[in-house]
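Here the structure comes first, spelled out in structure tokens, and everything after it is commentary.
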Amino acid sequence: MSRNRSRTEAFKIYGLTPKNPRSSLSAMSEDPPGAALSLWQDEFRMVDGRMIYERSSWGDWFDGPSRRECFKHLAWARRHLDGKINVVISTRKWTENGYVRTDSFARPGVIMRVVHLDPVTGAFRLEQVLPEKKAA
């Protein structure tokens, strides 16, 4: 797993360029088709041997262009990529001013699928796509 200093560098591993290098949480490309989303490492959980990332509401997300862009990219991935997206993992630390992103890195072997998306409430659920088992 290679570490990157910025989300932009991590998105580039997938051949994607975020619209706004400072604030974009996602990136997509129609040609070649692909999408990736930046997710907090500490918010993943394991269920039945697969990673799950789930938000039940907008919570602490600022209602700005990056959030709207993120949901647009997730909806596009559902329509054009069978819901499959790449992930950029971001780590963070707590400071007196709140959380600060400390690192971002690509995980090319990890594919997530958008299985639920509600742009009104901000809820979404991503489930890891496990590699198919090869027949013996």
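The values are calculated or read from the model by the stated rules, or taken from the named source; none is laboratory data. Worth saying up front: this structure is predicted, and the values here are computed from it rather than measured. All Cβ positions, even for glycine, are placed from backbone atoms using ideal geometry, and neighbour counts span all protein chains on display.
Some observations on this one:
- Residues located in the stretch 48-91, provided they are farther than 18 Å from M28 by Cα, at pLDDT 85 or above and more than 15 Å from the chain's Cα centre (by Cα): D48, G49, R50
- The stretch 5-78 holds strands (runs of 3 or more DSSP E) entirely within its bounds, and those carrying 2 or more residues that are farther than 16 Å from V115 by Cα and of a type outside the set (G, A, S) map to 26-30, 33-40.
- Subset of the stretch 27-45 [within 16 Å of the chain's Cα centre (by Cα), surrounded by fewer than 17 Cβ atoms within 10 Å (Cβ to Cβ) and more than 15 Å from K84 (Cα to Cα)]: W40, Q41, D42, E43, R45
- Here P131 passes the criteria (1) in contact with a strand residue (DSSP E or B) (Cβ under 8 Å, 6 or more places away or on another chain); (2) over 21 Å from R5 (Cβ atoms); (3) not in a strand (DSSP E or B) except the one numbered (1).
- Checking every residue in the stretch 94-108 against the condition of being assigned to a strand (DSSP E or B), in contact with a Ser or Thr (Cβ under 7 Å, 6 or more places away or on another chain) and farther than 22 Å from Q128 by Cα gives at least one match.
- Of the candidates R79, R101, the single residue that is out of contact with any strand residue (DSSP E or B) (no Cβ under 7 Å at 6 or more places or on another chain), within 22 Å of T17 (Cβ to Cβ) and either among the aliphatic types (A, V, I, L, M) or surrounded by fewer than 19 Cβ atoms within 10 Å (Cβ to Cβ) (or both) is R79.
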